[in-house]
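Shown next, in structure tokens, is the structure this report addresses.
Here, each number is a calculation from the coordinates, and none is a lab measurement. In this text the structure is predicted, and so the values were computed from the model without any measurement. Cβ placement follows ideal geometry from the backbone for every residue including glycine, while neighbour counts extend to all protein chains displayed.
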Amino acid sequence: MQESSGTAALRQTKTQIFFRFLRFGFLAWGGPVAQIAMLRRELVEEEAWVSKERFNRVLAVYQVLPGPEAHELCVYFGMVAGGRLGGFLAGLGFMLPGFILMLLLTWLYTTIGIETPLLRAVFVGFQAAVIALIFAAVHRIGKHALVNKRLLTIAAVAFVAYFCGVGFFIVLPLVGLAYMFWMKGKTAYVALCTAALAAACVLLFNPEVLQLQNTAVAPEAFSPANAGIQSPFAVFWSGLKAGLLTFGGAYTVIPFIQQDAVINNGWLTNRQFLDGIALSGILPAPLIIFSTFVGYFGAGWPGTLIMTFAIFLPAFSFTLIGHSLMEKVIDNKALHSFLDGVTAGVIGLIAITAVQLFRATITDWFTLSVFALSMLVLYRIKSKFTVVFVLLGAGLIGMSRYLLS
């Protein structure tokens, strides 16, 4: 790894690596695009840790793999400068500010609570804005991933399958294989995958799939007193599964965690889930740091560590254990097609989740107005602080409505 690195990288001590990427973590505003641009500018263009060509190839690998690309790049650069320990310290430093801030916000949320009328009004605004963020993410990710009519068809088929109540563990492999065979011209296998998916839709049809409510399915509502009663393994598995299936951007993790945390296990309500996403959106961190918040509702304070560890584990492992191997595997064009199909399937899953959350959250003229205004700002203002501005602005609108009523 070090043969391709610049002299600046070779002069980094382990302590320097950790604090360099800790600083990056505090500056990680604006989502993955801004984070990647920051890393490229300082470590490639200014200090030449690796060549521009090498950086582009590494970035291409991480764009195909699941996980937050910016975090994976930090681990990679840490390996360039300090081997596997350097990679671990770089990844830890980058995620640590967001994790600590998310812990603080989780403590404030669960200790102070938001059931006072004023705070509830603020979070109603937050929730409507989060729905807008998810809808914008579906469009943005789809625009970059659904680059041909076949992938668009795959995403639409996946959407219909999810609408019928078929689980992602059935949909994603089938649509990935269908697209791979489709690109190879093996129509008989495409028909077989389609038939299998159609059969699953018939057998597993659930007419209530869009009737997601604002209450969790668990009979007993969450409170700090019963935090930690869930299985730590269930929390770990939920985070690991989400980390392994995060294709196409951080927003793709939302439906996987929501399925486990809200629908299957009832760790928290749909409104609380959206509150967690809103809180993570105002932090300098990858969006998936909201998993820390969810982990608390699953297994108390140990759950925050378990969920965070599990969801970031693949992002560390792909680089620390098998980056070179993954580069070779990614050269396999058949795997490219399979993963492209899976990504299209995930976009269909985000879309159905967005519809579910919209129906459960946008329930009156006020929330609809905040949603529409948030969408307008997201598409008209291009800045790394746009998400923060939208969330805080929506919260301020909610507060103003309460104070003026």
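Of the residues ALA132, ALA37, ALA310, the one that moves most in a GNM of the chain with alpha-carbon contacts below 10 Å is ALA37.
Computed over the chain with a Gaussian network model linking Cα atoms closer than 10 Å, the most mobile of ASP364, ASP260, ASP275 is ASP364. Candidate membrane-span-like segments in the chain, meaning DSSP H helices with Cα atoms spread over at least 20 Å of their own axis and a Kyte-Doolittle mean of 1.6 or above, are 168-184, 187-203, 386-404, with no membrane implied. Partnerless cysteines in the chain, where a partner means another cysteine C-beta under 4.7 angstrom, comprise CYS74, CYS193. Evaluated over the chain, the count of Lys pairs having alpha-carbon atoms less than 18 Å apart is 5 (only pairs 8 or more residues apart or interchain).
Going from the residue with the fewest nearby Cβ atoms within 10 Å to the one with the most, THR367, THR292 rank THR367, THR292. Look at the Cα gyration tensor of the stretch 1-158: its axes a ≥ b ≥ c give a/c of at least 1.5 with a/b at or below b/c, and that counts as oblate.
What is the stretch 338-400 by shape, rounded, prolate or oblate, if you read a ≥ b ≥ c off the alpha carbon gyration tensor as root eigenvalues and call it rounded for a/c under 1.5, prolate for a/b larger than b/c, and oblate otherwise? Oblate. Considering only ILE282, ILE321, ILE134, the mean-square fluctuation computed in a Gaussian network model of the chain, springs between alpha carbons under 10 angstrom, is largest for ILE321.
Rounded to the nearest 500, the 222 nm mean residue ellipticity of the chain from helices alone is -24500 deg cm²/dmol, with -39,500 (n - 2.57) taken per DSSP H run of at least 4 residues. In terms of its alpha-carbon gyration tensor, the stretch 2-95 comes out rounded; the largest-to-smallest axis ratio a/c stays below the 1.5 threshold. One chain, two ends: ASP364 and LEU203. Fully extended at 0.36 nm per residue, the span grows by 54.4 nm beyond their Cα-Cα distance. Amide H contacts of VAL50: GLY6, each under 5 Å away and 5 or more positions distant or on a separate chain (H built 1.01 Å from N in the peptide plane; Pro and chain starts excluded). Only one residue of THR361, PRO97, THR187 has its Cα farthest out toward the positive end of the dipole of the chain, where Lys and Arg carry +1 and Asp and Glu -1 on Cβ, and that residue is THR187.
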